[in-house]
Amino acid sequence: MRAGSGRGHFGRRLAVGALLVCVFFTLLGVRLWYLQVAQGAYYRDLSENNRTRTIRTVAPRGNIYDRDGRILVRNRPAFNVSLMLEDVPEMGQALKRLSNITNRPVEDLEVNLKRGTRRYPFEPQVVMGDVSRVELARVKERNFDLPGVIVDILPARAYPHGDLAPHVLGYAREISKPQLDSSWAKESKYRAGDIVGQAGIERQWDPYLQGDAGLRQVEVDAKGKRRGELGIVDDEPGQDLYLTLDLDVQRTAQDALGEEVGAVVALDPQTGDVLALASTPSFDANLFSGRIRTDDWKRLRNDKDHPLTNRPIAENYAPGSTFKLIMAVAGLAEKVITPDTTFDCPGYYWFAGRAYRCHKRSGHGKVNLEKAVTMSCDSYFYKLGRLLGISNIHKYATLFGLGRKTGIDLPGERSGVAPSNEWKIRYLGERWYPGETLSVSIGQGFLTTTPIQMAVATAAIANGGRVPKPRLLKKVVDRERGVVFRTAPVFSETHVDPKILNLVSGYAEEVITDKHGTGKRAAIDGIRVAGKTGTAQVVALGKETLKKEFNDHAWFVSYAPAENPMIAIAIIVENGGHGGSAAAPISKAVMETFFRKRGMLMEPEVSNDEQGTSDSAPQRVPGVEATNRAHQNGAVG
Amino acid sequence: MTSAIRVDKRVLSNFDWLLTAAMLSLCAVGLVMLFSAGHVHEKNYSPTMERQFISMSIGLGAFVACFLLNPTFLRRWSFVFYWIGCLMLAALFFKGVVAGGARRWLEFGGFRFQPSEFMKLALILAMARIFSAENAPKDGYDMKSLIVPVVVMGLPVALILFEPDLGTALCHLLIAGSMLLLAGVRGSTFFKLSLAAIALAYPAWSTLKDYQKQRVVSFLSPEQDPLGSGYHAIQSKIAVGSGKLFGKGFLEGTQTQLSFLPEQTTDFIFSVLAEEWGFAGSFVVLSLFAFLVLHAFAIAGRCRERFSAFVVVGVAMMIFWHMLINIGMVVGVLPVVGLTLPLLSYGGSSVITFMAGLGLVAGVSMRRFLFT
């Protein structure tokens, strides 16, 4: 059979067809050239990105030591039980089994699972943080019917001294989802999975402690499963912090507070070093280092004594009579009185048609400044307050660091209030009434301070008028490079004549030594201690009650040795009653520990002897030292 | 009665070694790629490659059988094959094995095959018979004379569309259509048909299944849906492009070995080649295909017998369209349509069909001097 006459046409059409085929082949070839040669490098990068994943390895945090190099915070291995979600056949069942094995509630596991900060497939998600050895053994035992369950080890924070200074040290744990979303995490180098300081020193100096995360580059397949390791960049461990804190002084302070609710601050007046910063009730910082259990957290949050509050810096109290030292300095410096100026104390001070009572109802009689301080005569200071006026009182309160943050290197500090006419107009919308000056003169009324402010002010009186900025961080030590950062003492000057401070210091010594002195229980044989008691009123005058929570707060500020102060202390015991009986013994205990370490204390039998004498010390002064706000309002009205 | 097989010594001496070599080369490349794409990790063993090797052995048998077949016999029996093919397609509705939402496979005593693959060859034979008939219009088909070829072409296309298998139906249409164009269509008729095609485009689009529409949409902008339909296109482009000039090396393609590349033993086998052997490897394979197609065109051009000439161009177009659509998809210039790459993609029915088709071409090539 022949192709016939159409053959020539067929041949032509074949030729056209072949040409078209060639065109298409060429187009494919060009496209391949474009992708593989022209754009080859670009697509090679894309394929590399596809297969490689960079995993951060969290660096161990730096240790924290006290001023003598004793360990306060270190790392320990923590065992986490995680789930590889991709390998878990049935989530509900897996969680139930884990919960049965470990007796942890399923809800806790679910919460952890939801809180997950997992970024990639095949990244284990922690469901039980920091399991105990017993739990670990049980999980390992049952490993065969727990598919997808993984146990991994991560460094966790350990606080070997338990409830010692948890408010100072703070705690660190895995960055939370809200924190991760905050601008804070975005501005800094924080990433999911990082252990981040959440409070206290751990938070304040986190950049030093944190170190630099390491990187592990791994090869993953399309599902995200790891196939191999491509490279490692070692992590850079965090740097160690040396604090100014003295472990012994801190422990003594906490022990001396005992079951009481309160605070103790001990400073080195020459440097601002914080030797002790105690807040009670305390808690065990280890509770927070893993994943805190919900019930522990609730217990701490709901405790009526607020153990999580760092009282020395975050609680405002009326300073009570401890403020009279500053009043005395102000009076002398402003020359409204001289040391010899005497006022008569009939047991009250008459002003604007009513009597402001002295704590001693029978009156102190004729008192000069020395007597007024040692016996804490309210009438004298009412009069002095009238002579100074609120603006002068405000000036000196501010000079000695009240009404503003001390600048201690801890988060959460509050500033208290050093009131003035301007302050009252700004915050309360009305002018200052002269009657209110009287309350402030004896450390009540609108005046509030944190314990650390009182410690700083006391240090300034002790050291000749320089207000130290308290510091907790002494130096930062890199494990390889040595000291990388050292803090220097910072002071602000009061420019008060040192002679005046010497005088007032002398009066403060008499508070301890005078037979009528209110602070006798702080006395230490062989060391010149200066101090001032205070009582911050809690409820209305005259309301006699047996309930402890209505008792007054007991204050005591002190320093020693008076001739060359090495330690300045502020103490508050909430509802402790009178400062001389509740707070002064704490000062004594703290100072004894401090001076014993320095070989300046006589032998223990001496202190036994002292205990004998303190039994016969004058009984606690009953009654109230000051007027109260209700009373003032009455006066105003 | 002509015998089914008719060969003499003179004919055998004209055996088309070049064509056979090109075919076997492509088969060999396919096996290497399947080893890479289908091997079980940590073991030097690829079940996919082994099964393909068996298919190719059968395909080689089909190749030999087809080149031995007497063209006269083929021509006589062409409509019988055609009807067998159509019957098998119809049988899919009753006995088809469902996979991926479509009935594409028939099962015979443990063997599974796709009737639509066999149908391609049967359709080529039927169309060749029509175009080579005595009464075929000498000056090109007009509307009236088009009726028969269009109906013959339309029946299997319709049956395949109902499976549904859009890609394969389109493939049949392209093969038969291009044969028709080579047979000649009058200019005015071609113009009218083109207008009709444009007019029908919208109703055709509205009958597409959602996943088919999605494929077209994701082809137009794959980055819009990187995890869905666009994923294939993106990952394939990355695999191809990242091969650069000389490739990442055998078994070194990360897109392939780490499973980023989808369907890497079937539709995207060319991506494996492009990734591991680079532009150099792709170019060699592309050249082999070009050689096969153009060589077949040359055979058809030299062929003195119209039926055989149309069979050869039919097979050439079958290879060409498969290759164009598959590689076009792999390099991201055509939408993702599940069409195999001839001789390289994993799949028994496909490999055997292509080798059988090439057997027909080799047979024609061998007999090219017979009718002088």
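So if I check each of A:ALA165, A:ALA158, A:ALA199, which one is among the small types (Gly, Ala, Ser), surrounded by fewer than 23 Cβ atoms within 10 Å (Cβ to Cβ), closer than 23 Å to A:GLY407 by Cα and in the same structural domain as A:ASP130 (by TED's automatic domain parsing)?
Working: A:ALA165 fails: surrounded by fewer than 23 Cβ atoms within 10 Å (Cβ to Cβ); A:ALA158 fails: closer than 23 Å to A:GLY407 by Cα.
Within the list A:ALA165, A:ALA158, A:ALA199, the selection yields A:ALA199.
Taking only the stretch B:28-45 into account, find how many residues are farther than 15 Å from B:SER259 by Cα and small (Gly, Ala, Ser).
Within the stretch B:28-45, residues that are farther than 15 Å from B:SER259 by Cα and small (Gly, Ala, Ser) number 2.
Kindly check whether there is at least one residue in the stretch A:71-83 that is more than 14 Å from chain B (Cβ to nearest Cβ), surrounded by fewer than 17 Cβ atoms within 10 Å (Cβ to Cβ) and not β-branched (Val, Ile, Thr). So that I can check it myself, show each step before the final result.
Start the filter on the stretch A:71-83 by keeping residues that are more than 14 Å from chain B (Cβ to nearest Cβ), which leaves A:71-83.
Imposing the further condition that a residue be surrounded by fewer than 17 Cβ atoms within 10 Å (Cβ to Cβ) reduces the set to A:71, A:76-77.
Pick out the ones that are also not β-branched (Val, Ile, Thr) and you get A:76-77.
Yes, some residue in the stretch A:71-83 is more than 14 Å from chain B (Cβ to nearest Cβ), surrounded by fewer than 17 Cβ atoms within 10 Å (Cβ to Cβ) and not β-branched (Val, Ile, Thr).
Being more than 7 Å from chain A (Cβ to nearest Cβ), farther than 23 Å from A:LEU35 by Cβ and without any contact (Cβ under 8 Å) to a residue 24 or more places away in the chain: is that true of B:ALA316 here? Steps first, please.
Values: more than 7 Å from chain A (Cβ to nearest Cβ): yes; farther than 23 Å from A:LEU35 by Cβ: yes; without any contact (Cβ under 8 Å) to a residue 24 or more places away in the chain: no.
It is false that B:ALA316 is more than 7 Å from chain A (Cβ to nearest Cβ), farther than 23 Å from A:LEU35 by Cβ and without any contact (Cβ under 8 Å) to a residue 24 or more places away in the chain.
Taking B:LEU343 and the conditions (1) assigned to a helix (DSSP H, G or I); (2) at pLDDT 95 or above, which numbered condition does it fall short on, given that it satisfies the others?
Failing condition for B:LEU343: (1).
For the structure I just gave you, tell me whether A:TYR43 is of a type outside the set (S, T, N, Q), surrounded by 19 or more Cβ atoms within 10 Å (Cβ to Cβ) and within 14 Å of chain B (Cβ to nearest Cβ). Let's see the steps before the verdict.
Numbers: of a type outside the set (S, T, N, Q): yes; surrounded by 19 or more Cβ atoms within 10 Å (Cβ to Cβ): yes; within 14 Å of chain B (Cβ to nearest Cβ): yes.
Criteria met by A:TYR43.
Among the listed residues B:ALA298, B:ALA290, B:ALA309, B:ALA274, identify the single one that is over 25 Å from B:ILE234 (Cβ atoms), facing chain A (nearest Cβ under 10 Å), touching a residue at least 24 places away in the same chain (Cβ under 8 Å) and in a helix (DSSP H, G or I). Even if it seems obvious, please write down each step before you answer.
Numbers: B:ALA298 fails: touching a residue at least 24 places away in the same chain (Cβ under 8 Å); B:ALA290 fails: touching a residue at least 24 places away in the same chain (Cβ under 8 Å); B:ALA274 fails: over 25 Å from B:ILE234 (Cβ atoms).
From the options B:ALA298, B:ALA290, B:ALA309, B:ALA274, the qualifying one is B:ALA309.
On the basis of being in a helix (DSSP H, G or I), within 22 Å of B:GLY85 (Cβ to Cβ) and touching a strand residue (DSSP E or B) at 6+ places or on another chain (Cβ under 9 Å), does B:SER349 make the cut?
Details: in a helix (DSSP H, G or I): yes; within 22 Å of B:GLY85 (Cβ to Cβ): yes; touching a strand residue (DSSP E or B) at 6+ places or on another chain (Cβ under 9 Å): yes.
Criteria met by B:SER349.
Kindly evaluate B:GLY357 against the criterion of being surrounded by fewer than 23 Cβ atoms within 10 Å (Cβ to Cβ), more than 13 Å from chain A (Cβ to nearest Cβ), within 13 Å of the chain's Cα centre (by Cα) and under 20 Å from B:PHE118 (Cα atoms).
Details: surrounded by fewer than 23 Cβ atoms within 10 Å (Cβ to Cβ): no; more than 13 Å from chain A (Cβ to nearest Cβ): yes; within 13 Å of the chain's Cα centre (by Cα): yes; under 20 Å from B:PHE118 (Cα atoms): yes.
Against the criterion (surrounded by fewer than 23 Cβ atoms within 10 Å (Cβ to Cβ), more than 13 Å from chain A (Cβ to nearest Cβ), within 13 Å of the chain's Cα centre (by Cα) and under 20 Å from B:PHE118 (Cα atoms)), B:GLY357 does not qualify.
Run A:ARG61 past the list (1) buried (at least 19 other Cβ atoms within 10 Å of the Cβ); (2) at pLDDT 85 or above; (3) not in a loop (DSSP other than H, G, I, E, B) and report the number of the one that doesn't hold.
With respect to (1) buried (at least 19 other Cβ atoms within 10 Å of the Cβ); (2) at pLDDT 85 or above; (3) not in a loop (DSSP other than H, G, I, E, B), A:ARG61 is out only on (3).
Are there any helices (runs of 4 or more DSSP H) wholly within the stretch A:406-489 with 2 or more residues that are in contact with an Asp or Glu (Cβ under 7 Å, 6 or more places away or on another chain) and modelled with pLDDT of 95 or more, and if so which? Working first, answer last.
Values: elements: A:421-428, A:434-441, A:451-462.
So the answer is none; nothing clears 2.
Whether any residue in the stretch B:321-336 is out of contact with any Asp or Glu (no Cβ under 9 Å at 6 or more places or on another chain) and polar (S, T, N, Q) is what I want to check. Walk me through how you get there before you give the answer.
First pass over the stretch B:321-336, keeping only residues out of contact with any Asp or Glu (no Cβ under 9 Å at 6 or more places or on another chain): B:321-325, B:327-328, B:331-335.
Checking which are polar (S, T, N, Q) leaves us with none.
No, because not a single residue in the stretch B:321-336 is out of contact with any Asp or Glu (no Cβ under 9 Å at 6 or more places or on another chain) and polar (S, T, N, Q).
Could you tell me how many of the residues in the stretch B:170-190 are under 23 Å from B:LEU121 (Cβ atoms) and among the hydroxyl-bearing types (Ser, Thr, Tyr)?
Selection size over the stretch B:170-190: 1.
What single numbered condition from (1) within 14 Å of another protein chain (Cβ to nearest Cβ); (2) within 30 Å of A:GLN217 (Cβ to Cβ); (3) small (Gly, Ala, Ser) fails to hold for A:GLY11?
(2)
Of all residues in the stretch B:198-221, how many are under 25 Å from the mean Cα position of the chain (by Cα) and modelled with pLDDT of 85 or more?
Selection size over the stretch B:198-221: 0.
Take the stretch B:231-260 and flag every residue that is in a loop (DSSP other than H, G, I, E, B), without any contact (Cβ under 8 Å) to a residue 60 or more places away in the chain and either facing another protein chain (nearest Cβ under 9 Å) or farther than 18 Å from A:ASP45 by Cα (or both). Step through it out loud before you land on a result.
At the first step, the residues of the stretch B:231-260 found to be in a loop (DSSP other than H, G, I, E, B) are B:243-253, B:258-260.
Checking which are without any contact (Cβ under 8 Å) to a residue 60 or more places away in the chain leaves us with B:243-249, B:252, B:258-260.
Those that are in a loop (DSSP other than H, G, I, E, B), without any contact (Cβ under 8 Å) to a residue 60 or more places away in the chain and either facing another protein chain (nearest Cβ under 9 Å) or farther than 18 Å from A:ASP45 by Cα (or both): B:GLY243, B:LYS244, B:LEU245, B:GLY247, B:LYS248, B:LEU258, B:SER259, B:PHE260.
Quick one: in the stretch B:332-353, of everything that is within 13 Å of chain A (Cβ to nearest Cβ), surrounded by fewer than 23 Cβ atoms within 10 Å (Cβ to Cβ) and at negative phi, which residue is farthest from the chain's Cα centre (by Cα)? First the steps, then the outcome.
Quick first cut of the stretch B:332-353, residues within 13 Å of chain A (Cβ to nearest Cβ) only: B:332-334, B:341.
Retained after the next criterion (residues that are surrounded by fewer than 23 Cβ atoms within 10 Å (Cβ to Cβ)): B:332-334.
Now restrict to residues that are at negative phi: B:333-334.
Working: B:VAL333: 19, B:LEU334: 16 Å.
Ranking the candidates gives B:VAL333 first.
Could you identify the single residue in A:LEU136, A:LEU46, A:LEU95, A:LEU85 that is without any contact (Cβ under 8 Å) to a residue 60 or more places away in the chain, of a type in the set (A, V, I, L, M) and touching a Gly at 6+ places or on another chain (Cβ under 8 Å)?
Values: A:LEU136 fails: touching a Gly at 6+ places or on another chain (Cβ under 8 Å); A:LEU95 fails: touching a Gly at 6+ places or on another chain (Cβ under 8 Å); A:LEU85 fails: without any contact (Cβ under 8 Å) to a residue 60 or more places away in the chain.
Checking each option against the conditions leaves just A:LEU46.
So, in the stretch A:386-443, exactly how many residues are basic (Lys, Arg), surrounded by fewer than 18 Cβ atoms within 10 Å (Cβ to Cβ) and farther than 30 Å from A:GLY170 by Cα? Outline the logic, then answer.
Here is the first cut: in the stretch A:386-443, the residues basic (Lys, Arg) are A:386, A:395, A:404-405, A:414, A:424, A:426, A:431.
Retained after the next criterion (residues that are surrounded by fewer than 18 Cβ atoms within 10 Å (Cβ to Cβ)): A:386, A:395, A:404-405, A:414, A:426, A:431.
Retained after the next criterion (residues that are farther than 30 Å from A:GLY170 by Cα): A:386, A:395, A:426, A:431.
The number of residues fulfilling the criteria is 4.
Could you say whether any residue in the stretch B:191-212 is acidic (Asp, Glu) and in a helix (DSSP H, G or I)? Outline the logic, then answer.
Within the stretch B:191-212, the first condition is being acidic (Asp, Glu), and the residues that meet it are B:210.
When the remaining residues are screened for being in a helix (DSSP H, G or I), the result is B:210.
Yes - at least one qualifying residue is present in the stretch B:191-212.
Tell me, please, whether a residue that is within 11 Å of the chain's Cα centre (by Cα) and surrounded by 24 or more Cβ atoms within 10 Å (Cβ to Cβ) can be found in the stretch B:290-310. Break it down into steps so the answer makes sense when it comes.
We begin by selecting, within the stretch B:290-310, every residue within 11 Å of the chain's Cα centre (by Cα); these are none.
Checked against the condition, which is being within 11 Å of the chain's Cα centre (by Cα) and surrounded by 24 or more Cβ atoms within 10 Å (Cβ to Cβ), the stretch B:290-310 yields no hits at all.
Answer yes if at least one residue in the stretch B:172-186 is without any contact (Cβ under 8 Å) to a residue 40 or more places away in the chain, part of a loop (DSSP other than H, G, I, E, B) and within 14 Å of chain A (Cβ to nearest Cβ), and no otherwise.
no
The values are calculated or read from the model by the stated rules, or taken from the named source; none is laboratory data. These numbers were taken from a predicted model, which means no experiment stands behind them. Here the Cβ is made from the backbone with ideal geometry for all residues, glycine too, and neighbour counts use every protein chain on show.
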